[in-house]
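Novice: Below is the structure I would like to discuss, written out as structure tokens.
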Amino acid sequence: MHLLAFGLNHHTAPLSIREKLAFPAETLPRALDSLVASQAAREAAIVSTCNRTEIYCCSPDPHAALSWLCQFHGLSLAEVEPYLYQMEASNAARHAFRVASGLDSMVLGETQILGQLKDAVRSAENAGTLGSMLNGLFQRTFAVAKEVRSNTAVGSSSVSMSAAAVKLAEQIFPSIAELNVLFVGAGEMIELVATHFAARNPSCITVANRTLERGQRLAEQFGGNAITLSELPDALARYDVVVTSTASQLPMIGKGMVERAIKQRRHRPIFMLDLAVPRDIELEVAQLDDVFLYSVDDIAGIVEVGKEARQSAAAEAETIIQARVAEFSDWLKKRETVPLIRALRDEADRARRHALEAAMKQLARGDAPEKVLEALSLQLTNKLMHPPTQALSSGSGAEHDAQVQTIARLYRLHPES
């Protein structure tokens, strides 16, 4: 059984590929059940964000797990294999530790990924696919992330993606305070971005969401109002800034909808930021005049601010991670001996039961108890000493010397030379 981590991220794959392999939150239970039911994995957890899709699993056949990912999304392995990475055992742990600590993020040191990892683990636990191996991995992962945050400055001076959204808008418009801002979706990412825009006191904030009640709850935090997604076509022209992040599998804002909005706005520009994976806004919208459309990958340059200082801190974090990977590797090795320990105890228990059965028969016949106990002790001694004695009597050369040293250490013996 292999501990395996595989997937793709913003380092290895463009958005056009990442969105094909994304797992919306509502599909996670079905995906986890499917992966384990396929017998490609015994345990599984799926991390799916705008920047990465990763699967952590215990698999008897890593290739089968990769094939499942492609089959689930209706893709061939040849289409996605150039973008995939795969790690096993300690390398999988190192990757998980780095991801949780923000060292593998677009924004070096960002903290949002840790919450996303915890959500993924919670989903796996609810689906019944989080076993002892993955639970051990992720508990150590969260502890490492906490240690890195507490003992290094890797997260300091970072510009988050949500803050970068405001910086992008400020490159197009002279003042956020004069703008009407529309947020499409009501999830965590939208809430983070809305917090940064609200700090600039825009003229109007509106949240468009599938369920009006949830949109209203978010809008009330920023003194805004809410509409339903069905109202988007008529409402779009009123907004200068549109930020989207939903779990929709298909674009919610098409080229035709934006064209009509631009005409109604008399060609006043619209800034559109699509943070969803898969995308919420049709790519063709970028071809329109007076529309500034950005994706999650487009803001990478803005988040470079302060990166040099954080890279120095990242080196300290890597040292911490390396030490914790070594500890995790030791834990894995000990786990590998569990079946052997169980078999050893089973064998000893069989010897005990056989000796006890023989003793009980002797007592039933009326044999003297002291003789029965003497025979019982001799039988157990002979049974338990036979394997090491046989090992010492066999082999030759270096193999024999190694057996002698091992048995002496196991039984804490110090024979005189």
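Novice: Quick one: which residue in A276, A317 is within 20 Å of the chain's Cα centre (by Cα) and part of a loop (DSSP other than H, G, I, E, B)?
Specialist: Just one listed residue meets the conditions, A276.
Novice: Out of region 329-384, which residues are assigned to a helix (DSSP H, G or I), within 30 Å of A93 (Cβ to Cβ) and open to solvent by less than 100 Å² (accessible area, probe 1.4 Å)?
Specialist: S329, D330, W331, L332, R335, V338, P339, I341, A343
Novice: Looking at (1) surrounded by 16 or more Cβ atoms within 10 Å (Cβ to Cβ); (2) at pLDDT 95 or above; (3) in contact with a Ser or Thr (Cβ under 8 Å, 6 or more places away or on another chain), which is the one condition that is false for D240?
Specialist: (3)
Novice: Looking at A78, is it of a type in the set (A, V, I, L, M), modelled with pLDDT of 95 or more, over 25 Å from D33 (Cβ atoms) and part of a helix (DSSP H, G or I)?
Specialist: So A78 fails the test.
Novice: Being over 23 Å from T49 (Cβ atoms) and either in contact with an Asp or Glu (Cβ under 7 Å, 6 or more places away or on another chain) or surrounded by 12 or more Cβ atoms within 10 Å (Cβ to Cβ) (or both), is that true of even one residue in region 243-255?
Specialist: Looking for residues that are over 23 Å from T49 (Cβ atoms) and either in contact with an Asp or Glu (Cβ under 7 Å, 6 or more places away or on another chain) or surrounded by 12 or more Cβ atoms within 10 Å (Cβ to Cβ) (or both), one finds at least one in region 243-255, hence yes.
Novice: Looking at region 380-403, I want the residues that are farther than 30 Å from A358 by Cα and have a partner that is polar (S, T, N, Q) with Cβ atoms under 6 Å, at least 6 apart or on another chain. Which pairs are those?
Specialist: G395/Q403
Novice: If you don't mind, another one. Can you spot a residue in region 193-203 that is open to solvent by 30 Å² or more (accessible area, probe 1.4 Å), at pLDDT 95 or above, assigned to a helix (DSSP H, G or I) and over 22 Å from N51 (Cα atoms)?
Specialist: Taking every residue of region 193-203 in turn, none turns out to be open to solvent by 30 Å² or more (accessible area, probe 1.4 Å), at pLDDT 95 or above, assigned to a helix (DSSP H, G or I) and over 22 Å from N51 (Cα atoms).
The rows are residues; the columns are (1) part of a loop (DSSP other than H, G, I, E, B); (2) of a type in the set (D, E, K, R); (3) modelled with pLDDT of 95 or more; (4) open to solvent by 10 Å² or more (accessible area, probe 1.4 Å).
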position	(1), (2), (3), (4)
A44	no, no, yes, no
T53	no, no, yes, no
C58	no, no, yes, no
Q71	no, no, yes, yes
Q86	no, no, yes, yes
G102	yes, no, no, no
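Novice: Please verify whether region 153-162 includes one or more residues that are in contact (Cβ under 8 Å) with a residue 24 or more places away in the chain and in a helix (DSSP H, G or I).
Specialist: yes
Novice: Here is a further query. Condition first: at pLDDT 95 or above, outside any loop (DSSP other than H, G, I, E, B) and either of a type in the set (G, A, S) or closer than 30 Å to I299 by Cβ (or both). Now tell me which residues in region 1-16 satisfy that.
Specialist: A5, F6, G7, L8, N9
Novice: Taking A313 as meeting all but one of (1) over 20 Å from F197 (Cα atoms); (2) touching a Gly at 6+ places or on another chain (Cβ under 9 Å); (3) at pLDDT 90 or above, write down the number of the exception.
Specialist: (3)
The values are calculated or read from the model by the stated rules, or taken from the named source; none is laboratory data. These numbers come from a predicted model, not from an experiment. Glycine also receives a Cβ, built like all others from the backbone with ideal geometry; neighbour counts cover every protein chain displayed. Keep in mind that these areas ignore ligands, DNA and RNA; they rest on the heavy atoms of the full protein, side chains included. Shrake-Rupley method; radii C 1.70, N 1.55, O 1.52, S 1.80 Å.
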